[in-house]
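Visitor: What follows is a single structure, and I will ask about it in a moment.
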Amino acid sequence: MRITIDRDRCIGSGQCVMTAPGVFTQDDDALVALVPGQEDGAGDPRVRDVPLACPVQAVTVTED
Amino acid sequence: MTETDISRPAPSAPPFPQDRTCPYQPPEAYTRWRGDRPLTRVTLFDGRPAWLITGHAEGRALLADPRLSSDWGHPVFPVVVRRTEGRGGLAFPLIGVDDPLHARQRRMLIPSFGVKRMNAIRPRLQDLVDRLLDDMLANGPVVDLVSAFALPVPSMAICELLGVPYGDHDFFEECSRDFVGAATSGEADAAFAQLYTYLHGLVAKKQAEPGDGLLDELIARQLEEGGLDHDEVVMIALVLLVAGHETTVNAIALGALTLMQHPEQIDVLLSDPDAVPRAVEELLRFTSVSDYLVRMATEEIEVGGETVRAGDAVLVSITLMNRDATAYQDPDVFDARRNARHHVGFGHGIHQCLGQNLARAELEIALGSLFARIPGLRPAVPLDQVPIKAGHDAQGPIELPVTW
Ligand code: HEM
Ligand code: SF4
């Protein structure tokens, strides 16, 4: 699984963190970041729901 | 495809918004507007025709579409409430501007509303809620849940976050209530002027004697570096105070009322701590405190076989999107165990609520503690005697006498 995040679009809503907390986090600017070591989605099926949960399409997920 | 010209009012287009009769159910008329079409035509109080978006998927796509504007300052931006008539030209930061100005303003505030930061203030919110519940238990029953509980929680939370001296909260609450509850634009302008003057003075005071709230940070980071001028800081403070207050008061009060009307769901809420966040999301979906959003099309957009033209008023029904049967099974059933994912209680797109994680923290702590501390809490009057807000306001009870 490949996750792409677009920090320029991110509005800091936290939907990604709520949906898949093991994979998504917010940095000190409260913008989206991936949890170190979990950039491949860590096999968490909830990651697939994040692109739809994000209010501004700042996250895309592609299957390898 | 049917071609409809919205500039010619349809004689049959019903008025919008309408008042709820049940505090947590859409007005009877709204329920007839959902069905096969994701949008319908309505008429605003001033006779202007408008599109009302009712479909969950279509509404989310539109709220993320830059062809819909939130520019309140536009001379023909739709007016839904009489009190905001003639306010064209006044720049309301964040909520009333489009990108790129919106993005610039929002970027400055995002760090102050991050998930971690909001979780860090939970212990202080818990103390505050515990104290209010001590007082309630000492003074009741019967108690008005709105004034004794639902109102002070968000008021103290937002004052503390911003760094507004809590000693001023009575004054600020009164202005804020007068502003959102004003019947005429004259009344609203008077309340607005009072709030503005107060915040203007507060910002000046903070420049001289810095504290450690969000306003102090904004002043330090932006005013000093020239990123924002004094007036912008004052207007941002005003938007945060008003946006963070009224909605959350109603979400707590209407959330509590909805739970009391579904006692079996209170058991679900109390079943374990993880049940609380889930129940809160379902309450946000089910009650839709912010009933509708207002936009104006800046270009032609095809929606559900209709053509929305540039300049058309577009209202987005949060209530009906949250009750769309294609998105939620049995949408009119309140089920605290449901996964209410993708609800639009906080909106969608670039304007999605900036304070949502503060609001979640407040709701989880307030409702979780309220029912844990006072088992058997129930309304002291029948449901049809609970006075509720008008259809154009944030939805919720004006007063809610409770007993236990
Ligand atoms: C349960 C309580 C709340 C509800 C239901 C709620 C609902 C909403 C909704 C629906 C929007 C979108 C408006 C639009 O798209 O035009 C919004 C925006 C906003 N909310 Fe909230 N809100 C709540 C609590 C708060 C709190 C506690 C704050 C804290 C300051 C806040 C601050 C804001 C701001 C600043 C915006 C504008 C964001 C922007 O335009 O980028 N809200 N809110
Ligand atoms: S859901 Fe989207 S906007 Fe919200 S924090 Fe994550 S990436 Fe940013």
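Visitor: For region B:18-42, enumerate the residues that are hydroxyl-bearing (Ser, Thr, Tyr) and open to solvent by less than 30 Å² (accessible area, probe 1.4 Å).
Guide: B:TYR24, B:TYR30, B:THR40
Visitor: If we only count helices (runs of 4 or more DSSP H) wholly inside region B:108-192, which ones have 3 or more residues that are within 12 Å of ligand 1 (Cβ to nearest atom) and under 18 Å from the mean Cα position of the chain (by Cα)?
Guide: Helices (runs of 4 or more DSSP H) meeting the threshold: B:152-162.
Visitor: Go through region B:380-404 and give me each residue that's assigned to a strand (DSSP E or B) and farther than 30 Å from B:LEU293 by Cβ.
Guide: Result: B:PRO401, B:VAL402, B:THR403.
Visitor: Next up: Going by what's in this entry, would B:GLU225 be described as more than 16 Å from ligand 2 (Cβ to nearest atom), over 24 Å from the mean Cα position of the chain (by Cα) and not in a helix (DSSP H, G or I)? Give the steps one after another, and end with the answer.
Guide: Details: more than 16 Å from ligand 2 (Cβ to nearest atom): yes; over 24 Å from the mean Cα position of the chain (by Cα): yes; not in a helix (DSSP H, G or I): yes.
So B:GLU225 passes the test.
Visitor: Go through region A:26-51 and count every residue that is in a loop (DSSP other than H, G, I, E, B), within 12 Å of another protein chain (Cβ to nearest Cβ) and open to solvent by 30 Å² or more (accessible area, probe 1.4 Å).
Guide: 3
Residue by residue, here is whether (1) modelled with pLDDT of 95 or more; (2) β-branched (Val, Ile, Thr); (3) touching a Gly at 6+ places or on another chain (Cβ under 9 Å) holds:
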residue: B:GLU299; (1), (2), (3): yes, no, no
residue: B:VAL344; (1), (2), (3): yes, yes, yes
residue: B:LEU363; (1), (2), (3): yes, no, yes
residue: B:LEU383; (1), (2), (3): yes, no, no
residue: B:GLY391; (1), (2), (3): no, no, no
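Visitor: Could I ask something else about it? Restricting the first residue to region A:16-44 and requiring it to be over 14 Å from A:MET1 (Cα atoms) and among the charged types (D, E, K, R), which pairs with a second residue that is within 11 Å of ligand 2 (Cβ to nearest atom) and open to solvent by less than 30 Å² (accessible area, probe 1.4 Å) meet a Cβ separation below 7 Å and a spacing of at least six or different chains?
Guide: A:ASP27/A:ALA33; A:ASP29/B:ILE110
Visitor: Which of the following residues is more than 14 Å from ligand 1 (Cβ to nearest atom), among the small types (Gly, Ala, Ser), at pLDDT 90 or above and surrounded by 17 or more Cβ atoms within 10 Å (Cβ to Cβ): B:GLY96, B:GLY47, B:GLY55?
Guide: One residue alone meets the criteria, B:GLY55.
Visitor: Take the residues in region A:52-64 that are more than 11 Å from ligand 2 (Cβ to nearest atom) and assigned to a strand (DSSP E or B), then tell me which one is most open to solvent (accessible area, probe 1.4 Å).
Guide: Among those that are more than 11 Å from ligand 2 (Cβ to nearest atom) and assigned to a strand (DSSP E or B), it is A:THR62.
Visitor: Find all pairs meeting these conditions: Cβ atoms under 8 angstrom apart; at least six residues apart or on different chains; first residue within region B:353-376 and more than 21 Å from A:GLN15 (Cα to Cα); second residue of a type in the set (S, T, N, Q) and assigned to a helix (DSSP H, G or I).
Guide: B:SER369/B:GLN126
Visitor: Next up: Every residue in region B:269-292 that is assigned to a helix (DSSP H, G or I) and of a type in the set (A, V, I, L, M), please.
Guide: B:LEU269, B:LEU270, B:ALA275, B:VAL276, B:ALA279, B:VAL280, B:LEU283, B:LEU284
Visitor: Could you please find all residues in region B:307-339 being among the polar types (S, T, N, Q), open to solvent by less than 10 Å² (accessible area, probe 1.4 Å) and under 22 Å from the mean Cα position of the chain (by Cα)?
Guide: Scanning region B:307-339 gives B:SER317, B:THR319, B:ASN322.
Visitor: Right, A:CYS16: crowded, with 18+ Cβ neighbours inside 10 Å and part of a loop (DSSP other than H, G, I, E, B) or not?
Guide: no
Visitor: Follow-up. Which count do you get for residues in region A:1-13 that are closer than 14 Å to A:PRO51 by Cβ, open to solvent by less than 30 Å² (accessible area, probe 1.4 Å) and within 16 Å of ligand 1 (Cβ to nearest atom)?
Guide: Matching residues across region A:1-13 total 2.
Visitor: For region B:312-329, which positions are assigned to a strand (DSSP E or B) and more than 16 Å from B:HIS392 (Cβ to Cβ)? Lay out the reasoning, then the answer.
Guide: From region B:312-329, those assigned to a strand (DSSP E or B) are B:313-317; that's our starting set.
Selection gives B:VAL314 alone.
Visitor: Another one. More than 14 Å from chain A (Cβ to nearest Cβ) and away from ligand 1 (no atom under 13 Å from the Cβ): is that true of B:GLY368 in this structure?
Guide: Yes.
The values are calculated or read from the model by the stated rules, or taken from the named source; none is laboratory data. What you see is a predicted model, and the numbers here were worked out from it, not measured in a lab. Positions of Cβ are generated from backbone atoms using ideal geometry, with glycine treated the same way; all protein chains shown enter the neighbour counts. The protein model used for the area step is the full one, side chains on, heavy atoms only, and it has no ligands, DNA or RNA in it. Shrake-Rupley method; radii C 1.70, N 1.55, O 1.52, S 1.80 Å.
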